Structures are given as structure tokens and as C-alpha cells.
């Protein structure tokens, strides 16, 4: 199989995110109702396609309904507290895996397109936080912009389309079989599972 593109998951794949949920609890200690509601909304929306214009709004609406907070308050927390807390925690406590930069450099040198496909927004900010220049990727995209949370098949297909590739030409590299792996399989993409720990590096069919 000759691949033309690689889609990398972010959290747990490009860095070991073990312990991140607890860091987010500490950063959001005064907003636990919102944090728990976000996790519930995320879980219940997983795998379903809502469309690029609706997915993010659907998350906010579900959080609002669960907590009783208005949409303005929920959106303000999400964008001004929750997302910045993820970026802050990543920059302070986590590091890029040793194999990432060499592999990205090799892929670029071979003319293989690379994308970072994250569940959450602020992809570029999070990449920067762990020491990756976002411009190394041909595409950085979050699941809400792709139209559905992982393992939504149509979201994975949308990312391939954004890369200008057929799904059969793409390999997905991720740390979770139930999200990255299931989404890749549903979209007719190959999948390579990597551990959360720093090693071993993924072996791609280059």
C-alpha cells in the first residue's frame, strides 16, 4: 500500500496525555458542573454527524440544558476558561513524543500530506503548547469543524477531502481504537495504534 496522506490524532498520540483530565479538574475547580456536562455531551454526541455549522453549537446547547446556565455563559466558559486551561496544562506539564518531529519531517520530505485531526478546538494553540509548529502540517482541523465527534465516519471522510485525497489513500495514527481506529475503519482508512507512552514510534508503510 502506498499512502499519500497521514492523519494524526493529537491528545495521547503526539504527546502522552496521561493525567490531563485531573489537571483540567484543578483548572476548572469552580466550574465542575460545566466540566462534567461537557464530558457528558461529548460522550453522547460521539460518532454522530451534525455538520460543520452545528456540532459546536450542539455541544454548547447540551451543556446549557444540563447545567441550567445560559448559552452566553456556557460559551464564555468554554472559550475563555476551558480551552485555555487545556492549552495551559499542556504547556506546563506535557511534552511532545520524541519520534514526532523526525517522522513529520520524513513524511514531508517524501511529499506525503499530513494532517492533525483533534477532538477539540484550538488545535494550533495546543500544538504550539507542546512544541510543534502548526505550519508543519498541511491541515489542522478539529472534529466540530469536520462535522462530528470521533468516530464519526463522515468527519474522517471530510478531513480526507480537505487534504485532497481519497480515504483509501490515507493512514490514521491514533492512541484509541474506539475513536481513531473505529472512525478510520468506517471511512475505509488504514489505522495504526500507538501507545500513550513515548515509545515505540508508529511504523508507517512509506
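A few comments on the model shown:
- Between segment 108-144 and segment 63-92, the Cα center-to-center distance that results, in Å: 22
- Antiparallel DSSP beta bridges within the chain, percent to nearest 5: 10
- Theoretical FRET efficiency, 1/(1+(r/R0)^6), r = Cβ-Cβ of residue 110 and residue 73, R0 35 Å, to 0.05: 0.15
- Solvent-free Debye scattering, log10 I(q)/I(0), computed from the Cα coordinates of the chain at q = 0.13 Å⁻¹: -0.69
- In plain terms, the residue of 135, 64 with the fewest other Cβ atoms within 10 Å comes first and the most crowded comes last, giving 135, 64.
- Computed E for residue 185/residue 91 - FRET, C-beta separation, R0 35 angstrom, nearest 0.05: 0.60
- Among 167, 21, 102, residue whose mean-square fluctuation peaks in a GNM of the chain (springs only between Cα atoms under 10 Å): 102
- Between 100, 170, 159, the residue with the greatest mean-square fluctuation in the GNM of the chain (Cα pairs under 10 Å linked by springs) is 100.
- Segment 81-192 shape via C-alpha gyration tensor axes, a/c threshold 1.5: oblate
- Pair residue 26, residue 197: separation of 7 Å Cα→Cβ label points (nm): 2.4
- In this simple spin-label approximation, residue 33 and residue 136 carry label points 7 Å from Cα along the Cα→Cβ vector, and these lie 4.3 nm apart.
- Estimated from helices alone, the mean residue ellipticity of the chain at 222 nm is -12000 deg cm²/dmol (sum of -39500 (n - 2.57) over DSSP H runs with n ≥ 4, per residue).
- Label reach from residue 81 (point 7 Å along Cα→C-beta): in segment 2-36, amide nitrogens under 17 Å belong to 22-36.
- With Cα atoms, 0 to 90° folded angle of helix 32-45 axis to the chain main axis: 50
- By the Kirkwood approach, averaging reciprocal distances over each pair of separate Cα atoms, segment 20-93 gets a hydrodynamic radius of 12.7 Å.
- Angle of helix 83-93 to the longest C-alpha principal axis of the chain, folded into 0 to 90 degrees and rounded to 10: 60°.
- Distant alpha-carbon pairs in segment 100-153 (separation over 14 angstrom), percent: 55
- Degrees between helix 100-109 axis and first principal axis of the chain (Cα, 0 to 90, nearest 10): 50
Since every read-out is calculated from the coordinates, none of them should be taken as a lab result. Since the model is a prediction, treat every value here as computed from it, not as a measurement. Note: ideal-geometry Cβ built from the backbone for every residue, glycine included; neighbour counts use all protein chains shown.
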